[in-house]
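For reference, the structure discussed in these notes is given below.
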Amino acid sequence: MKAFTYERATSPAKAAAAAVANPGARFIAGGTNLLDLMKLQIETPTHLIDVNRLDLDTVRETSDGGLRIGALVRNTDLAAHKKVRRDYAVLSRALLSGASGQLRNKATTAGNLLQRTRCPYFYDTTKPCNKRRPGTGCAALAGFNRNMAILGTSADCIATHPSDMAVAMRLLDATVETVAADGSSRAIPIADFHRLPGTTPDIETALAPGELVTAVVLPRPIGGSHVYRKVRDRASYAFAVISVAAIFGKDSNARFAFGGLAHKPWRTEAADAAAAAGANAVADAALAGAKTTEHNRFKTDLVRRTLAQVYAQQEIRA
Amino acid sequence: MKDSPAALSRRAVLGGSAALCAAPAIHASANAQTAPTGKTQMIATTLKVNGKDVRLTLDPRTTLLDALREHLHLTGTKKGCDHGQCGACTVIVEGRRINSCLTLALMHDGDDITTIEGLGTPDKMHPMQRAFVTHDGFQCGYCTPGQICSAVAVLDEIEAGIPSHVTEDLDKVAFSDAEVRERMSGNICRCAAYPNIVAAIRDVAEGEKA
């Protein structure tokens, strides 16, 4: 690990100001992804701002019946929260399908959203990667790209976003709240929070330099039957090959979000609109424009089969 | 080597029992310091390890795992992958199991940390340690301290009603072998002592119920 200096932040705005004052700075909360990347010298911050002592670790009801989840709420606590279990079960399920018990005890809500891709070429510092070193090229394009994205890709990057939690948050129309160095705050719809790779895959979110995530807000519960179906190479403690988050409502209404397919959680209006027509119609709509590579062609069929299974289970429940 | 920060801090620890005996828990606020060229910033911190306050002065890069093993010589906690993938470094911090390799010691200033040495001793074993011996829950033993710390916390998590991926009804959390297998998936055993590990944990869970 490269040497860095360390400080403990005393307020969100001061943390943001410290980050702007130190261009090589990173915030650290759970640290489960950042420290891993620092050991591999993929991340080489010169200064760490420890935000763990900030008062951002509670889940509170909002005035309109939704939930404000503090940025530091640990994944275990969010998954186990009574209201999340009851009203946003898809979020509990997504969280519990991710990582291990130890990691969920440490990983935070904001950190989960901000985690980096697990593309093996991003991790391999001997290979070119536009995300790790802009302009060097993408080794995944012609490499072993079985786990890479098939939607919203670019000629510069086919990495996926690895989070399960973010897929559920996208399905629930969450909003990300932030604070900037000047103390001003803003709310970013989660659909706009993560970016597609385009020509700048190193820029992954809408956050400005130094901007600190303070909370994620969920709108009022919409009821319905919540499902998170994750397909992976082993039964536990593995990233998704693909995942489907769904909420089935009344009158054949449903909404869908997908993990493992793109640089961000994938959700389209067309897929939601096709809900009444069944699994295949939803798959057709969601996969419109899919661009597969040599090794990940199977993902389109896997999406179809997983949707068919989600629908079949829904019928049994109904 | 003589002048390296690691050698200095090790000497400070070995130099006398003062460093290891109860020191006032000072939750010093670590302010930003610009490291002078070529010199590593060192920061004082106090950890409460197995019930005792321990004051250390650390390079900020020191993980909790390295602080325990290299500075406090509590070598029961093991370094396996050092990337949070194997679980050999699992310790219990403020009542929760975490991977000590993926966190900085400085992030735990004032925290209560329990390692395998704090759970029990050869003469006075923790029920989970005894159950692992009874059921042969290991072969080489390298992953065992992490397995045992994790297992103790798993039973607490089930008791607290925290659901898992295999919990059918999120509001009805109960002990089962399937729950143990899912919850222990962050602890890898290369010798594959898994059936005996599950048996040991089941034994303790049943003992607690009785």
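The values are calculated or read from the model by the stated rules, or taken from the named source; none is laboratory data. Since this is a predicted model, take the numbers as computed values, not measurements. Cβ coordinates were reconstructed from backbone atoms using ideal geometry, including for glycine residues, and neighbour counts include every protein chain displayed. We work out accessible area using only protein heavy atoms, side chains counted, and drop any ligands, DNA or RNA first. Shrake-Rupley method; radii C 1.70, N 1.55, O 1.52, S 1.80 Å.
Values as computed for the structure displayed
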read-out: Some residue of the stretch B:86-109 being within 30 Å of residue B:192 (Cβ to Cβ), open to solvent by less than 40 Å² (accessible area, probe 1.4 Å), touching a Phe, Trp or Tyr at 6+ places or on another chain (Cβ under 9 Å) and not basic (Lys, Arg); value: yes
read-out: Residue, surrounded by the fewest Cβ atoms within 10 Å (Cβ to Cβ), within the stretch A:58-91, restricted to residues that are assigned to a loop (DSSP other than H, G, I, E, B) and within 14 Å of another protein chain (Cβ to nearest Cβ); value: A:81
read-out: Residues satisfying the stated conditions in the stretch B:63-76, i.e. within 14 Å of chain A (Cβ to nearest Cβ), of a type in the set (Ser, Thr, Tyr) and surrounded by fewer than 23 Cβ atoms within 10 Å (Cβ to Cβ); value: none
read-out: Residue satisfying condition, being more than 26 Å from residue A:25 (Cβ to Cβ) and acidic (Asp, Glu), within set A:182, A:164, A:192; value: A:164
read-out: Selection count where residues are open to solvent by 50 Å² or more (accessible area, probe 1.4 Å) and away from chain B (no Cβ under 12 Å), scope the stretch A:9-26; value: 3
read-out: Residue in the stretch B:172-199 that is farthest from the other protein chains (Cβ to nearest Cβ), counting only those that are over 19 Å from residue B:91 (Cβ atoms) and among the small types (Gly, Ala, Ser); value: B:199
read-out: Members of the stretch A:262-304 that are surrounded by fewer than 16 Cβ atoms within 10 Å (Cβ to Cβ) and at pLDDT below 95; value: A:294
read-out: Filter result (among the acidic types (Asp, Glu) and in contact with a Cys (Cβ under 7 Å, 6 or more places away or on another chain)) within the stretch B:65-104; value: B:82
read-out: Filtered residues of the stretch A:108-136 (kept if open to solvent by less than 20 Å² (accessible area, probe 1.4 Å), in a loop (DSSP other than H, G, I, E, B) and not polar (S, T, N, Q)); value: A:119, A:131
read-out: Condition check for residue A:94: open to solvent by less than 10 Å² (accessible area, probe 1.4 Å) and within 20 Å of the chain's Cα centre (by Cα); value: yes
read-out: Flag if residue B:136 is open to solvent by 50 Å² or more (accessible area, probe 1.4 Å) and outside the structural domain of residue B:49 (by TED's automatic domain parsing); value: yes
read-out: Pairs with Cβ under 6 Å, 6+ apart, first in the stretch B:186-210 and in a helix (DSSP H, G or I), second open to solvent by 10 Å² or more (accessible area, probe 1.4 Å) and at pLDDT below 95; value: none
read-out: Any hit, the stretch B:120-131, residues being within 14 Å of another protein chain (Cβ to nearest Cβ) and surrounded by 23 or more Cβ atoms within 10 Å (Cβ to Cβ); value: no
read-out: Of the criteria (1) within 19 Å of residue A:262 (Cβ to Cβ); (2) free of Cβ contacts under 8 Å to residues at least 40 places away in the same chain; (3) among the aliphatic types (A, V, I, L, M), which one residue A:149 fails; value: (2)
